[in-house]
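Working notes for the structure below.
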Amino acid sequence: MLPLELTLVVAATRNMGIGRNGTLPWTGLKKEMAYFARVTKRLPSVLNRDGNTPAMNAVIMGRKTWDSIPPKFRPLKGRLNIVISRSHTEPPAKQINAETEAVKVGSLEQAIQYLESSSTIAQSSKVFVIGGAQIYASALQLKEARRVLLTRVMSDFECDTFFPLQLSEDSSEAKGDNAGRWVRKSKEDLDQWTGETVPEGIQEENQTQYEFQMWERVE
Ligand code: NDP
(Lines give C-alpha, C1' and ligand atoms only; values in the text may rest on other atoms or scores of the structure.)
Protein backbone atom coordinates (compact mmCIF):
# COMPACT_ATOMS: atom_id res chain seq x y z
CA MET A 1 0.00 0.00 0.00
CA LEU A 2 0.93 3.63 -0.28
CA PRO A 3 1.73 5.21 3.10
CA LEU A 4 -1.53 4.43 4.79
CA GLU A 5 -3.93 7.28 5.57
CA LEU A 6 -6.83 7.01 7.97
CA THR A 7 -10.08 8.89 7.40
CA LEU A 8 -12.41 9.02 10.39
CA VAL A 9 -16.11 9.07 9.54
CA VAL A 10 -18.49 10.31 12.20
CA ALA A 11 -21.87 11.95 12.71
CA ALA A 12 -21.76 14.21 15.76
CA THR A 13 -23.85 16.87 17.44
CA ARG A 14 -22.45 20.35 18.06
CA ASN A 15 -20.94 19.17 21.33
CA MET A 16 -19.58 16.05 19.57
CA GLY A 17 -22.18 13.59 20.88
CA ILE A 18 -22.15 10.39 18.83
CA GLY A 19 -23.96 7.66 20.76
CA ARG A 20 -26.43 6.71 23.45
CA ASN A 21 -27.04 3.33 25.12
CA GLY A 22 -24.80 1.56 22.62
CA THR A 23 -26.59 2.89 19.58
CA LEU A 24 -26.99 6.11 17.59
CA PRO A 25 -28.81 8.96 19.39
CA TRP A 26 -30.98 9.64 16.32
CA THR A 27 -33.04 7.52 13.95
CA GLY A 28 -34.32 7.86 10.43
CA LEU A 29 -31.38 9.63 8.78
CA LYS A 30 -31.62 7.43 5.69
CA LYS A 31 -29.89 9.79 3.29
CA GLU A 32 -27.09 10.35 5.79
CA MET A 33 -26.58 6.60 6.09
CA ALA A 34 -26.68 6.25 2.30
CA TYR A 35 -23.94 8.93 2.06
CA PHE A 36 -21.82 6.95 4.54
CA ALA A 37 -22.30 3.77 2.49
CA ARG A 38 -21.50 5.46 -0.86
CA VAL A 39 -18.44 7.27 0.36
CA THR A 40 -16.92 4.31 2.20
CA LYS A 41 -17.59 1.93 -0.71
CA ARG A 42 -16.50 4.17 -3.59
CA LEU A 43 -13.03 3.23 -4.75
CA PRO A 44 -10.50 5.97 -5.36
CA SER A 45 -10.04 7.05 -8.95
CA VAL A 46 -6.29 6.43 -8.65
CA LEU A 47 -5.22 3.20 -10.30
CA ASN A 48 -2.76 0.83 -8.74
CA ARG A 49 0.66 0.27 -10.29
CA ASP A 50 -0.71 -2.68 -12.24
CA GLY A 51 -3.30 -0.39 -13.83
CA ASN A 52 -6.26 -1.97 -12.01
CA THR A 53 -8.66 -0.36 -9.62
CA PRO A 54 -8.35 -1.61 -6.04
CA ALA A 55 -10.60 -4.44 -4.89
CA MET A 56 -12.15 -2.79 -1.85
CA ASN A 57 -11.87 -0.10 0.75
CA ALA A 58 -11.60 -0.98 4.45
CA VAL A 59 -13.68 0.05 7.47
CA ILE A 60 -12.15 -0.32 10.93
CA MET A 61 -14.39 -0.35 14.00
CA GLY A 62 -14.48 -1.19 17.70
CA ARG A 63 -16.25 -4.29 18.97
CA LYS A 64 -19.14 -2.25 20.44
CA THR A 65 -19.80 -0.52 17.13
CA TRP A 66 -19.75 -3.92 15.39
CA ASP A 67 -22.27 -5.17 17.97
CA SER A 68 -24.49 -2.14 17.27
CA ILE A 69 -24.91 -3.14 13.60
CA PRO A 70 -27.89 -5.47 13.08
CA PRO A 71 -26.49 -8.94 12.25
CA LYS A 72 -28.21 -9.00 8.85
CA PHE A 73 -26.29 -5.85 7.81
CA ARG A 74 -22.83 -7.03 8.87
CA PRO A 75 -20.20 -7.25 7.68
CA LEU A 76 -20.92 -3.95 5.94
CA LYS A 77 -21.15 -4.92 2.28
CA GLY A 78 -18.54 -4.12 -0.33
CA ARG A 79 -15.92 -3.15 2.24
CA LEU A 80 -13.31 -5.11 4.18
CA ASN A 81 -14.58 -4.97 7.79
CA ILE A 82 -11.97 -5.00 10.56
CA VAL A 83 -13.12 -5.33 14.18
CA ILE A 84 -10.93 -4.51 17.19
CA SER A 85 -11.37 -6.31 20.53
CA ARG A 86 -9.09 -7.24 23.41
CA SER A 87 -10.59 -10.74 23.14
CA HIS A 88 -9.06 -11.13 19.65
CA THR A 89 -5.83 -12.69 20.85
CA GLU A 90 -5.13 -14.96 17.84
CA PRO A 91 -3.36 -13.44 14.81
CA PRO A 92 -5.99 -12.51 12.17
CA ALA A 93 -6.68 -15.07 9.45
CA LYS A 94 -4.71 -14.17 6.31
CA GLN A 95 -7.48 -15.13 3.91
CA ILE A 96 -11.07 -14.30 4.70
CA ASN A 97 -14.24 -13.96 2.65
CA ALA A 98 -14.83 -10.24 3.13
CA GLU A 99 -18.47 -10.52 2.03
CA THR A 100 -19.35 -12.91 4.86
CA GLU A 101 -16.90 -12.25 7.69
CA ALA A 102 -14.82 -9.58 9.40
CA VAL A 103 -11.11 -9.54 10.14
CA LYS A 104 -10.60 -9.80 13.91
CA VAL A 105 -7.66 -7.91 15.39
CA GLY A 106 -6.49 -7.00 18.89
CA SER A 107 -5.54 -3.36 18.28
CA LEU A 108 -5.61 -0.53 15.76
CA GLU A 109 -1.90 -1.06 15.13
CA GLN A 110 -2.65 -4.69 14.19
CA ALA A 111 -5.39 -3.49 11.86
CA ILE A 112 -2.87 -1.26 10.09
CA GLN A 113 -0.30 -4.07 9.89
CA TYR A 114 -2.94 -6.37 8.44
CA LEU A 115 -3.87 -3.80 5.79
CA GLU A 116 -0.25 -3.20 4.86
CA SER A 117 0.15 -6.88 3.97
CA SER A 118 -3.34 -7.67 2.72
CA SER A 119 -4.09 -8.63 -0.86
CA THR A 120 -7.80 -7.82 -0.48
CA ILE A 121 -6.84 -4.22 0.02
CA ALA A 122 -4.91 -2.61 -2.77
CA GLN A 123 -2.33 0.11 -2.72
CA SER A 124 -4.75 2.95 -3.29
CA SER A 125 -7.70 1.65 -1.25
CA LYS A 126 -9.21 4.08 1.23
CA VAL A 127 -9.14 3.15 4.92
CA PHE A 128 -11.92 4.48 7.14
CA VAL A 129 -12.18 4.44 10.94
CA ILE A 130 -15.92 4.29 11.61
CA GLY A 131 -16.05 4.37 15.43
CA GLY A 132 -16.85 4.31 18.19
CA ALA A 133 -15.36 6.80 20.62
CA GLN A 134 -12.63 4.46 21.92
CA ILE A 135 -11.36 3.61 18.46
CA TYR A 136 -11.57 7.24 17.26
CA ALA A 137 -9.42 8.17 20.29
CA SER A 138 -6.80 5.56 19.37
CA ALA A 139 -6.81 6.71 15.74
CA LEU A 140 -6.40 10.39 16.61
CA GLN A 141 -3.15 9.54 18.41
CA LEU A 142 -1.68 8.31 15.13
CA LYS A 143 -0.06 10.51 12.50
CA GLU A 144 -1.89 8.41 9.87
CA ALA A 145 -5.19 10.04 10.92
CA ARG A 146 -5.37 12.78 8.31
CA ARG A 147 -9.02 13.57 7.79
CA VAL A 148 -12.46 13.57 9.41
CA LEU A 149 -15.63 13.27 7.35
CA LEU A 150 -18.01 14.87 9.82
CA THR A 151 -21.76 14.94 9.57
CA ARG A 152 -22.52 17.84 11.86
CA VAL A 153 -25.89 17.15 13.46
CA MET A 154 -27.46 20.52 14.27
CA SER A 155 -30.40 19.25 16.31
CA ASP A 156 -29.81 18.48 19.98
CA PHE A 157 -29.78 14.88 21.21
CA GLU A 158 -28.94 13.43 24.59
CA CYS A 159 -25.70 11.45 24.27
CA ASP A 160 -23.48 9.34 26.54
CA THR A 161 -20.63 8.83 24.06
CA PHE A 162 -18.59 11.64 22.48
CA PHE A 163 -16.10 12.07 19.65
CA PRO A 164 -12.83 12.81 21.47
CA LEU A 165 -11.94 15.95 19.52
CA GLN A 166 -13.84 19.23 19.40
CA LEU A 167 -14.03 20.37 15.81
CA SER A 168 -15.10 23.91 16.40
CA GLU A 169 -17.15 25.91 13.91
CA ASP A 170 -16.22 29.15 15.62
CA SER A 171 -12.47 29.08 15.36
CA SER A 172 -12.19 26.52 12.53
CA GLU A 173 -9.60 24.83 14.71
CA ALA A 174 -9.85 21.76 16.86
CA LYS A 175 -9.16 21.63 20.55
CA GLY A 176 -8.15 18.50 22.46
CA ASP A 177 -5.22 16.52 23.77
CA ASN A 178 -2.79 15.68 20.98
CA ALA A 179 -5.30 17.32 18.70
CA GLY A 180 -2.88 19.01 16.37
CA ARG A 181 -4.49 21.68 14.26
CA TRP A 182 -7.52 20.78 12.18
CA VAL A 183 -9.10 22.95 9.52
CA ARG A 184 -12.42 22.67 7.76
CA LYS A 185 -11.99 22.08 4.02
CA SER A 186 -14.09 23.57 1.24
CA LYS A 187 -17.11 22.00 -0.45
CA GLU A 188 -14.92 21.58 -3.58
CA ASP A 189 -12.31 19.64 -1.59
CA LEU A 190 -15.05 17.45 -0.08
CA ASP A 191 -16.51 16.72 -3.52
CA GLN A 192 -13.11 15.91 -4.94
CA TRP A 193 -12.08 13.62 -2.09
CA THR A 194 -15.36 11.71 -1.93
CA GLY A 195 -15.75 11.55 -5.73
CA GLU A 196 -19.31 12.90 -5.71
CA THR A 197 -21.26 16.13 -5.57
CA VAL A 198 -22.04 16.18 -1.88
CA PRO A 199 -25.32 17.91 -0.93
CA GLU A 200 -24.38 21.40 0.24
CA GLY A 201 -25.70 23.34 3.23
CA ILE A 202 -28.16 22.25 5.90
CA GLN A 203 -29.98 19.01 5.11
CA GLU A 204 -33.13 17.89 6.92
CA GLU A 205 -34.56 14.42 7.47
CA ASN A 206 -36.94 13.16 10.12
CA GLN A 207 -36.93 16.68 11.68
CA THR A 208 -33.17 16.48 12.18
CA GLN A 209 -30.88 19.01 10.56
CA TYR A 210 -27.32 18.18 9.58
CA GLU A 211 -24.46 19.23 7.30
CA PHE A 212 -21.73 17.24 5.53
CA GLN A 213 -18.25 18.56 6.32
CA MET A 214 -14.62 17.57 5.81
CA TRP A 215 -11.80 18.46 8.20
CA GLU A 216 -8.08 17.85 7.71
CA ARG A 217 -5.13 17.85 10.04
CA VAL A 218 -2.63 20.57 9.28
CA GLU A 219 1.01 19.38 9.29
P1 NDP B 1 -16.24 1.18 20.35
O2 NDP B 1 -17.10 0.90 19.17
O3 NDP B 1 -15.09 2.12 20.20
O4 NDP B 1 -15.76 -0.25 20.87
C5 NDP B 1 -15.09 -0.35 22.10
C6 NDP B 1 -14.47 -1.73 22.18
O7 NDP B 1 -13.38 -1.81 21.28
C8 NDP B 1 -13.89 -2.07 23.55
O9 NDP B 1 -14.88 -2.52 24.45
C10 NDP B 1 -12.89 -3.14 23.16
O11 NDP B 1 -13.57 -4.34 22.81
C12 NDP B 1 -12.35 -2.58 21.85
N13 NDP B 1 -11.19 -1.73 22.11
C14 NDP B 1 -11.14 -0.41 22.39
N15 NDP B 1 -9.87 0.01 22.57
C16 NDP B 1 -9.10 -1.07 22.37
C17 NDP B 1 -7.70 -1.29 22.40
N18 NDP B 1 -6.83 -0.29 22.69
N19 NDP B 1 -7.22 -2.52 22.15
C20 NDP B 1 -8.07 -3.53 21.85
N21 NDP B 1 -9.41 -3.39 21.81
C22 NDP B 1 -9.92 -2.18 22.07
O23 NDP B 1 -17.17 1.61 21.61
P24 NDP B 1 -17.66 3.03 22.17
O25 NDP B 1 -18.50 2.73 23.35
O26 NDP B 1 -16.55 3.99 22.30
O27 NDP B 1 -18.61 3.59 20.99
C28 NDP B 1 -19.85 2.95 20.70
C29 NDP B 1 -20.93 4.02 20.60
O30 NDP B 1 -20.60 4.93 19.55
C31 NDP B 1 -22.30 3.43 20.27
O32 NDP B 1 -23.29 4.20 20.94
C33 NDP B 1 -22.39 3.65 18.77
O34 NDP B 1 -23.72 3.71 18.30
C35 NDP B 1 -21.69 4.99 18.63
N36 NDP B 1 -21.17 5.25 17.30
C37 NDP B 1 -21.54 6.42 16.69
C38 NDP B 1 -21.07 6.75 15.46
C39 NDP B 1 -21.47 8.04 14.82
O40 NDP B 1 -20.97 8.37 13.74
N41 NDP B 1 -22.35 8.82 15.43
C42 NDP B 1 -20.15 5.86 14.73
C43 NDP B 1 -19.82 4.65 15.46
C44 NDP B 1 -20.32 4.37 16.70
P45 NDP B 1 -13.72 -5.56 23.86
O46 NDP B 1 -14.58 -5.04 24.97
O47 NDP B 1 -14.37 -6.64 23.05
O48 NDP B 1 -12.31 -5.91 24.29
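A few points about this structure:
- Global form of the range 178-219, assessed from the alpha-carbon gyration tensor, a/c cut-off 1.5: oblate
- Residue 168 versus residue 189: modelled label distance in nm, points set 7 Å from Cα along the beta carbon direction: 1.9
- Stretching the chain fully between residue 93 and residue 38 yields a gain of 17.1 nm (0.36 nm per residue, less the alpha carbon separation).
- Helix-only arithmetic for the chain: the sum of -39500 (n - 2.57) across DSSP H runs with n ≥ 4, divided by the residue total, places the mean residue ellipticity at 222 nm at -5500 deg cm²/dmol.
- Virtual spin-label span in nm between residue 117 and residue 141, 7 Å along Cα→Cβ: 2.2
- Summed residue charge, Cβ within 12 Å of residue 145's Cβ, Lys/Arg positive, Asp/Glu negative: +1
- Using C-alpha pairs below 8 Å separated by at least 6 residues, the relative contact order for the range 59-116 is 35 percent.
- Candidate lysines - alpha carbon under 21 Å from residue 77, same-chain residues fewer than 8 apart omitted: 30, 31, 41, 64, 94, 104, 126
- Spin-label model, residue 5 to residue 216: label points 7 Å out along the Cα-to-beta-carbon direction sit 0.7 nm apart.
- Taking one quarter of the surface of the C-alpha convex hull of the chain gives a mean projected area of 11.9 nm².
- Theoretical gain in end-to-end length, residue 197 to residue 15 [0.36 nm per residue, Cα-Cα removed]: 62.8 nm
- Local electrostatic count at residue 83 - Lys and Arg +1, Asp and Glu -1, tallied over other residues with Cβ under 14 Å: +3
- Atom-type composition of the exposed protein surface of the range 80-219 places 44 percent of the accessible area on carbon and sulfur (1.4 angstrom probe).
- Remark: the chain carries 52 Å² of accessible area per residue (probe radius 1.4 Å; ligands, DNA and RNA excluded).
- Taking Lys and Arg as +1 and Asp and Glu as -1, the other residues whose beta-carbon sits under 12 Å from that of residue 219 total +3.
The values are calculated or read from the model by the stated rules, or taken from the named source; none is laboratory data. Keep in mind it's a predicted model, so treat the numbers as computed, not measured. All Cβ positions, even for glycine, are placed from backbone atoms using ideal geometry, and neighbour counts span all protein chains on display. Heavy atoms of the whole protein, side chains included, go into the accessibility calculation; ligands, DNA and RNA do not. Shrake-Rupley method; radii C 1.70, N 1.55, O 1.52, S 1.80 Å.
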